[in-house]
1. Six or more apart or on different chains, Cβ under 6 Å: which pairs go from a residue in the range 377-392 that's part of a loop (DSSP other than H, G, I, E, B) and modelled with pLDDT of 95 or more to one that's more than 8 Å from the ligand (Cβ to nearest atom) and open to solvent by 10 Å² or more (accessible area, probe 1.4 Å)? Could you list them?
2. Among the listed residues Ala149, Ala191, identify the single one that is open to solvent by 20 Å² or more (accessible area, probe 1.4 Å), small (Gly, Ala, Ser), at pLDDT 95 or above and assigned to a helix (DSSP H, G or I).
3. Does Asp61 count as more than 16 Å from the ligand (Cβ to nearest atom), at negative phi, in a helix (DSSP H, G or I) and surrounded by fewer than 22 Cβ atoms within 10 Å (Cβ to Cβ)?
4. Can you name every one of the strands (runs of 3 or more DSSP E) wholly within the range 240-356 that holds 1 or more residues which are open to solvent by 10 Å² or more (accessible area, probe 1.4 Å) and at pLDDT 95 or above?
5. Going through the range 1-53 one residue at a time, which ones are in contact with a helix residue (DSSP H, G or I) (Cβ under 9 Å, 6 or more places away or on another chain), within 16 Å of the ligand (Cβ to nearest atom) and among the polar types (S, T, N, Q)?
6. Filter the range 90-139 down to the residues that are buried (at least 19 other Cβ atoms within 10 Å of the Cβ) and aromatic (Phe, Trp, Tyr), then identify the one that is nearest to the ligand (Cβ to nearest atom).
7. So is Val366 within 17 Å of Gly10 (Cβ to Cβ), away from the ligand (no atom under 16 Å from the Cβ) and open to solvent by 10 Å² or more (accessible area, probe 1.4 Å) or not?
8. Given (1) without any contact (Cβ under 8 Å) to a residue 24 or more places away in the chain; (2) farther than 28 Å from Ala361 by Cβ; (3) part of a helix (DSSP H, G or I), identify the lone condition not met by Leu196.
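The values are calculated or read from the model by the stated rules, or taken from the named source; none is laboratory data. None of the values given here were measured: they were computed from a predicted structure. Heads up, the Cβs are rebuilt from the backbone with ideal geometry, glycines too, and the neighbour counts pull from every protein chain shown. We work out accessible area using only protein heavy atoms, side chains counted, and drop any ligands, DNA or RNA first. Shrake-Rupley method; radii C 1.70, N 1.55, O 1.52, S 1.80 Å.
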Amino acid sequence: MSFPPGFRWGVSTSSYQVEGAASADGRRPSIWDTFCAEPDRITDGSSGSVACDHYHRYREDVALMAGLGVDAYRFSVAWPRVQPYGSGAANPPGLAFYDQLVDELLGHGIDPVATLYHWDLPQRLQDAGGWADRDTAYRFAEYADLVAAVLGDRVKLWITLNEPAIHTFYGHGVGMHAPGETRLADTLPIAHHQLLGHGLAVAALRARSSSPVTIANNYSPVRVLGGTDADRAAGAAYDTLHNRLYSDPLFGLGYPEGIEPPVRSGDLDVIAAPLDGLGVNYYMPIGITAPSDVDSLFPYDMAIVDGYPLTEFGWPVVPEALTELLLDLHQRYAVPLYVTESGCCYEQSPEDPLRVAYLSAHVDAVATAVAKGADVRGYFVWSLLDNFEWSEGFSKRFGLVHVDFATQARTPKSSYFWYRDLIAGTR
Ligand code: IFM
């Protein structure tokens, strides 16, 4: 295996999934606090109010990262810490947490990689319309400016949004994520306003920081499972709605044909603000057939592709689809790529050979893409820690490090030592 000079090995987390400290230092509720407090939203009835208590234990967690030898840590900034009500002046104690975290990372030789939005919208903004309201895009740019004013000199890579496709579909289409909306037929404004917010935030970041700026999108390569024209059309529809809708406009290709969000004059130029790369979150390919129900709101049926081992989330393990994806993205958008999330859910701990096998195969898949010409600049494991897995609560573990949520004890798994040795071996 060989990786280009400067290739960054990293680990990823997100604010609501690890921080806890939900009302510390002026933080106000996000849509996830509200959602978790509603009955039957989360499988195990839990919330991220304590999670991994990373807010108080970040030094211990940075020491774990230093033990791994990672080059970079991808974390997200909680908007409701920085602007508790989603607008107005910054809340200095909330920003101070990230200021200290960034210094702690740099002190250990680890590059801070900051995501501005990993789904924890301040509740007050949701009450005012959330992402359905165009104004939220402008609020997001103001928030980006406040973060960059404090961290812009030290963050080494910026990521505006995390997985807008997932946030749109699960949060606003089918109600499985916060804010729990079920407006499947009317999600294009949600998508467009996030992308507009992204473009405005790129400009805000550029004004304060010289570090590269990207976005982290979720991609699921399509496997058409049936042999009919209708199945193929369904596959194309999924590819458009999940994979291309959130990427084509970023690179000046506009929205895919037939997709008509509420675009105003100039929006597409804002969204196409030049990027320094593209973050790729990959977990699995998706099986697609034509919809079996003629009244379905979806233009496709989704299925798990057969013939592969499954993780404990029931997701198929298909590393070769990551190679294919990286080569496709390289060809389509011609930008540097960062694998900003790659990981798997298994209960095994502290011996987790299945995670080692999964990660090893996916790192090989990246190396193959690099060997075939893709410009890949980093690989970030999801996740450093077992954490709050959204609607699955604490029932699904993705960490290199086991967390006992009763005691907050951290125990590195065998995958942690495997990753440490892999990183050391590439130096
Ligand atoms: O935990 C999530 C993360 O927040 C976004 N990408 C997928 C991960 C696993 O489901």
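1. Asp386/Arg397; Asp386/His402
2. On the way: Ala191 fails: open to solvent by 20 Å² or more (accessible area, probe 1.4 Å).
Result of the check over Ala149, Ala191: Ala149.
3. Numbers: more than 16 Å from the ligand (Cβ to nearest atom): yes; at negative phi: yes; in a helix (DSSP H, G or I): yes; surrounded by fewer than 22 Cβ atoms within 10 Å (Cβ to Cβ): no.
Considered against the rule, which asks whether it is more than 16 Å from the ligand (Cβ to nearest atom), at negative phi, in a helix (DSSP H, G or I) and surrounded by fewer than 22 Cβ atoms within 10 Å (Cβ to Cβ), Asp61 comes out as no.
4. On the way: elements: 278-282, 286-289, 301-303, 337-342.
The strands (runs of 3 or more DSSP E) meeting that bar are 286-289, 301-303, 337-342.
5. Thr13, Ser15, Gln17, Ser30, Thr43, Ser46, Ser47
6. Looking at residues that are buried (at least 19 other Cβ atoms within 10 Å of the Cβ) and aromatic (Phe, Trp, Tyr), I get Trp119.
7. Values: within 17 Å of Gly10 (Cβ to Cβ): yes; away from the ligand (no atom under 16 Å from the Cβ): yes; open to solvent by 10 Å² or more (accessible area, probe 1.4 Å): no.
Considered against the rule, which asks whether it is within 17 Å of Gly10 (Cβ to Cβ), away from the ligand (no atom under 16 Å from the Cβ) and open to solvent by 10 Å² or more (accessible area, probe 1.4 Å), Val366 comes out as no.
8. Exception for Leu196: condition (1).
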